[in-house]
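Following: one structure in structure tokens, then a few remarks.
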Amino acid sequence: MMDWLRDNVWAAWLTLAAVLGLAELASLDFTLLMLAAGAVTAGAVSAVFPGLLWLQIVVGLLTAGAMLAAIRPLLVRKLHHGGELKTGSAHVIGRTGVVIKEIHPDGGGSVKLNGELWTARPYDEVSTIPPGTRVEVMSIDGATAVVYPIGDPFSHHQPELGQGSGSPETGKDSEPPK
């Protein structure tokens with residue numbers, strides 16, 4: 001047994017790397033994966049220098065240490081600190097939509113959010129929000145979106161009184177050029 005191990009040290013290093021790699025699947029912390037990388041490099045050194053066990057251990061430890069110091073923090077930051085995943089009805093909070101059916105404080109209104117039709121009620125519980133108004137979802141109450149108006153119900157802007165396009169002398173609108 002010892003003769004085989006002495007002749008096949010690379011197989012022992014690769015077996016250790018495989019065990020560490022499989023253990024990493026259970027922990028998902030990337031520490032064991034970095035140690036497995038050290039074992040792989042130690043196995044590579046053992047293929048070139050089979051009699052120098054001390055060199056294999058040193059190279060394996062240096063590789064694992066470098067991976068733990070340099071690569072692992074990058075992987076952890078990239079994979080564990082992504083955007084927050086919102087599931088269920090929470091994904092519509094903060095989104096905007098358009099009122100389809102007038103929203104009353106007692107309910108019965110509806111709003112279109114991301115192409116979906118939701119029942120809705122006003123956030124302030126006293127307002128009525130007319131159709132066509134842009135709203136923002138403040139919260140979800142059961143299957144009802146609690147919304148607040150953020151825009152006018154009409155998409156065009158009407159000039160205020162006295163700001164017409166007419167002449168200042170007559171106060172009447174001039175005719176369009178022909």
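The values are calculated or read from the model by the stated rules, or taken from the named source; none is laboratory data. Model, not experiment: these values are computed from the prediction. Neighbour counts run over all protein chains shown; Cβ positions are idealised from the backbone, glycine included. For the accessible areas, the whole protein counts, side chains as well, though only heavy atoms, and no ligand, DNA or RNA atoms are used. Shrake-Rupley method; radii C 1.70, N 1.55, O 1.52, S 1.80 Å.
So the values come out like this:
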quantity	calculated
Output for region 4-17, where each listed residue is part of a helix (DSSP H, G or I) and over 21 Å from Val76 (Cα atoms)	Trp4, Leu5, Arg6, Asp7, Val9, Trp10, Ala11, Ala12, Trp13, Leu14, Thr15, Leu16
Residue within region 73-94 that is at pLDDT 85 or above, part of a loop (DSSP other than H, G, I, E, B) and open to solvent by 50 Å² or more (accessible area, probe 1.4 Å) present	yes
Some residue of region 24-47 being of a type in the set (S, T, N, Q), in a helix (DSSP H, G or I) and under 30 Å from Pro131 (Cα atoms)	no
Complete set of residues in region 128-153 that are open to solvent by 60 Å² or more (accessible area, probe 1.4 Å), in contact with an Asp or Glu (Cβ under 7 Å, 6 or more places away or on another chain) and part of a strand (DSSP E or B)	Tyr148
Residue in region 119-127 that is β-branched (Val, Ile, Thr), at pLDDT below 90 and surrounded by fewer than 16 Cβ atoms within 10 Å (Cβ to Cβ) present	yes
Flag for Leu20 being open to solvent by less than 80 Å² (accessible area, probe 1.4 Å), farther than 23 Å from Pro73 by Cβ and free of Cβ contacts under 8 Å to residues at least 40 places away in the same chain	no
Odd one out for Val76, checked against (1) free of Cβ contacts under 8 Å to residues at least 40 places away in the same chain; (2) closer than 30 Å to Ala18 by Cβ	(1)
Condition check for Ser110: over 28 Å from Ser27 (Cβ atoms), under 29 Å from the mean Cα position of the chain (by Cα), of a type in the set (S, T, N, Q) and not in a strand (DSSP E or B)	no
